[in-house]
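J.: The structure's right below; bear with me while I get my questions together.
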């Protein structure tokens, strides 16, 4: 049980170090992915409105889409692995609580497991971007919502610009 407590403490310290070292970088990666999505969609819309036969727009669209896929893959990998680690820690706590229910109340082992469960609940860690927001699957939907809002704004700017130049 001591080894398990030590491993749990080391995992928590590792998550804290990860949050301290990479928190701001994760925020920048999220911002970069959002901007890449908007840029790729903006180029696609512009090439449809103007003339898709122009090779410049075709090359820009391919390059932008390639960069978008690379950025999204890296972002999703980070988010999904961080979320999976947090979910496993939560499952571990749930298993500890279920084990407590299976032992008899006068048992010596129940005291050890109760102490360990309390310790685990008190030192439960989650991945975060330097405390600004938690890194979980909900971030993906936040990114989609923000990109949708900004895409609407970009489309309105493009529409007024294309009217102005007479396209």
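The values are calculated or read from the model by the stated rules, or taken from the named source; none is laboratory data. Owing to the predicted nature of the structure, the values given are computational and were not obtained by experimental measurement. Virtual Cβ from ideal backbone geometry, glycine too; neighbours counted across all protein chains shown.
J.: Residues to consider are 101, 94; find the one that is out of contact with any helix residue (DSSP H, G or I) (no Cβ under 6 Å at 6 or more places or on another chain), closer than 23 Å to residue 7 by Cα and either in a loop (DSSP other than H, G, I, E, B) or without any contact (Cβ under 8 Å) to a residue 24 or more places away in the chain (or both).
T.: Just one listed residue meets the conditions, 94.
J.: Test each condition in (1) at pLDDT 80 or above; (2) under 21 Å from residue 119 (Cα atoms); (3) surrounded by fewer than 12 Cβ atoms within 10 Å (Cβ to Cβ) for residue 8 and report the one that comes out false.
T.: Here residue 8 meets the rest and fails (3).
J.: Could you identify the single residue in 119, 150, 161 that is assigned to a helix (DSSP H, G or I) and without any contact (Cβ under 8 Å) to a residue 12 or more places away in the chain?
T.: 161
J.: Picking from 42, 19, which residue would you name as being in a helix (DSSP H, G or I), buried (at least 17 other Cβ atoms within 10 Å of the Cβ) and more than 18 Å from the chain's Cα centre (by Cα)? It would help to see each step written out before you state the result.
T.: Values: 19 fails: more than 18 Å from the chain's Cα centre (by Cα).
After ruling out the rest, the residue left standing is 42.
J.: Specify which of the listed residues (68, 62, 56, 80) is part of a helix (DSSP H, G or I) and touching a helix residue (DSSP H, G or I) at 6+ places or on another chain (Cβ under 7 Å).
T.: One residue alone meets the criteria, 68.
J.: So, residue 87, is that one part of a helix (DSSP H, G or I), more than 16 Å from the chain's Cα centre (by Cα) and within 21 Å of residue 6 (Cα to Cα) or not? If you could, list the steps in order and put the result at the bottom.
T.: On the way: part of a helix (DSSP H, G or I): yes; more than 16 Å from the chain's Cα centre (by Cα): no; within 21 Å of residue 6 (Cα to Cα): yes.
Criteria not met by residue 87.
J.: Name, by its number, the condition in (1) under 30 Å from residue 161 (Cβ atoms); (2) surrounded by 14 or more Cβ atoms within 10 Å (Cβ to Cβ) that does not hold for residue 58.
T.: In the conditions (1) under 30 Å from residue 161 (Cβ atoms); (2) surrounded by 14 or more Cβ atoms within 10 Å (Cβ to Cβ), residue 58 misses (2) alone.
J.: Looking only at segment 101-137, count how many residues are crowded, with 16+ Cβ neighbours inside 10 Å and more than 30 Å from residue 24 (Cα to Cα).
T.: Summing the residues that are crowded, with 16+ Cβ neighbours inside 10 Å and more than 30 Å from residue 24 (Cα to Cα) in segment 101-137 gives 4.
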